[in-house]
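What follows is a short report on a single structure.
No lab work stands behind these numbers, since they all come straight from the coordinates. Note that the coordinates shown come from a computational prediction; the quantities given were computed from them, not determined experimentally. Quick reminder, even Gly has a Cβ in these numbers, built from the backbone with ideal geometry, and neighbours come from all protein chains shown.
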Amino acid sequence: MREKLTLPRIFKRRIKDYFFKLCVLVVLFIIIGGAFSLLRPGIRLRVDAETVAAFRVPHRAIGMLQVYAERNSISFPELFVLFNAENDFFPEKLTAYDLSAIERLYISDFKRLLRRYNTRSIAPFVAMYENLFSEIEVFPIPDGWYEYDPSIMFGDSWGVEHNFQGRRMHMGTAIIDRENIRGRVPVSSMTYGHVREAGWDNNLGYFVTIITKNDTLYLYAHLDSIATGIATGQDIAAGQTIGQMGNSGGGRGGRSFPVHLHLAISPSVTFVRGDFWINPYPLLRNIAN
């Protein structure tokens, strides 16, 4: 005798059928998604923000990569990120690297290297370096000073321990005037942009912050004075004088250290929340040579 199907029973059967089909679709989606992940070219670039911030790529390599990229019609920011990624962003301060191997390892196999990395994972780093290299035009000490005055020097001071502003780590580069004369050396903007702030801070002393169209913030601190007419909101040209090197600030009493410029760079990035400061040294050394 056939089972008499009432409306509630028909409804229950349809629900079971729909639920079964849904389960099948979910399982298929998981299988296809997993297969796609396995077959999809590229590994994710996993690197912590502190490693990226302290990057110490040999400055001579930057120039070589720029030349090779142009010569071979390769995206320089992509090439630069791959170079850093393959070397863990050069974590050691005094890294030795065989520059003669760059063309063989990174140019000849560029496409293969690019396929090794997940496009989305390297995109934020490519964008950051693309912005930095496109906007930095001049050294912060004008022509005729840095090149010909042996008393002006700088080194890789990123990470040096100190207690400035409550931080235990130096998050910038110090450009020093060994003559130690306040107001002797002019300071220029490295980029085009506009003045975000110009004034006095007990720790920074006289300082100027300039922000570019890419939302990169450049901090010039411990100035002896700020150039006349430099004010918040003003447009700034690359190479324009913004002040004089000094030793203002530094906490109570002020002027507690030798004359120098504290330069710090904070790019706008998506791979970390909050403020992100990057080691200016390789960028400075590249533009200075």
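By how many nm would the segment from Ser75 to Asp201 lengthen if fully extended, with 0.36 nm per residue of separation less the alpha-carbon distance?
Working: separation 126, 0.36 × 126 = 45.36 nm, distance 4.08 nm.
Extending this stretch completely gives an extra 41.3 nm.
In a DSSP loop and with at most 13 other Cβ atoms within 10 Å, the GluC sites (Glu not before Pro) in region 60-102 are Glu92.
Note that region 50-62 has calculated 3J(HN,Hα) couplings of 5, 5, 5, 4, 8, 3, 10, 4, x, 5, 5, 5, 4 Hz, one per residue in order, obtained from phi through the Karplus relation 6.51 cos²θ - 1.76 cosθ + 1.60 (θ = phi - 60°); glycine and proline are x. Between Gly193 and Ile236, the built amide H atoms are under 5 Å apart, and every one of these is 5 or more places off in sequence or on another chain.
Annotation: amide H-H contacts under 5 Å for Phe55 (H modelled 1.01 Å from N, sequence separation of 5 or more, or interchain): Asn279.
Name the trypsin sites (Lys or Arg not before Pro) in region 215-289 that are in a loop by DSSP and that have at most 11 other C-beta atoms within 10 Å, would you? Mind showing how you got there, number by number?
Numbers: sites: Arg252, Arg255, Arg273, Arg285; in loops: Arg252, Arg255, Arg273.
Of the trypsin sites (Lys or Arg not before Pro), the ones in loops of region 215-289 whose Cβ has at most 11 other Cβ atoms within 10 Å are Arg252, Arg273.
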